[in-house]
Amino acid sequence: MLKMPKFEIGESITIQKIVTEEDTASNYGNPELDKLFATPSLVALMIEASTKLIDEKLDEGLITIGKEIHVTHEKPTMIGQTLTIRVTVKERVENTLKLEMEAFDELGPIGKGYFDRVIVNKKALLRKAHAREVLLESRF
């Protein structure tokens, strides 16, 4: 059984980032939107904030992995604007933390979402991944 730290409902983290060229939609197959912040970049920032909120509190050997994510990207944001991502713990069910995610730029909300992250034993996860790799290699 995993020893789980306490996570308070309502506990949150806020991170900020200035949108750069690397964050734009042109890097994700849409070259005509070379000045606009991309949805995959939004999701990546939300995952980064979620991981920071949870993983730093875990005992050595434990990590979180994403299980389910839902993100709505509602407003465009341009290069040079500052993004603010806030992630809040909404619920805990056994070893799963249910998170609410919000994204803002200087003009207001631009996106939101929900994310389930599962606390797992890192060594056990890597063993399972390696076993799947061996299965795949044995097919050739």
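The values are calculated or read from the model by the stated rules, or taken from the named source; none is laboratory data. If you're wondering where the values come from, they're calculated on a predicted model, not measured in any experiment. Positions of Cβ are backbone-derived with ideal geometry, glycine not excepted, and every protein chain shown enters the neighbour counts.
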Candidates K123, K67 - the one that is assigned to a strand (DSSP E or B), at pLDDT 95 or above, farther than 22 Å from Q16 by Cα and of a type outside the set (V, I, T): K67
Tally, over segment 70-104, of residues that are under 23 Å from S26 (Cα atoms) and in contact (Cβ under 8 Å) with a residue 40 or more places away in the chain: 14
Taking segment 19-42 and keeping residues crowded, with 17+ Cβ neighbours inside 10 Å, within 16 Å of the chain's Cα centre (by Cα) and free of Cβ contacts under 8 Å to residues at least 60 places away in the same chain leaves D23, A38, S41
Under the condition of being polar (S, T, N, Q) and assigned to a strand (DSSP E or B), which residue from segment 70-91 is farthest from F37 (Cα to Cα)? T88
In the set L53, L58, the lone residue that is in contact (Cβ under 8 Å) with a residue 24 or more places away in the chain and either closer than 13 Å to F115 by Cα or within 12 Å of the chain's Cα centre (by Cα) (or both) is L53
Please count how many residues of segment 91-140 are of a type in the set (A, V, I, L, M) and over 19 Å from K6 (Cα atoms). 12
Here are T77, T88: which of them is under 12 Å from F115 (Cβ atoms), surrounded by 15 or more Cβ atoms within 10 Å (Cβ to Cβ) and of a type outside the set (A, V, I, L, M, F, W, C)? T88
Can you tell me which residue in segment 107-140 is surrounded by the fewest Cβ atoms within 10 Å (Cβ to Cβ), limited to those that are more than 28 Å from D59 (Cβ to Cβ) and in contact with a strand residue (DSSP E or B) (Cβ under 6 Å, 6 or more places away or on another chain)? K112
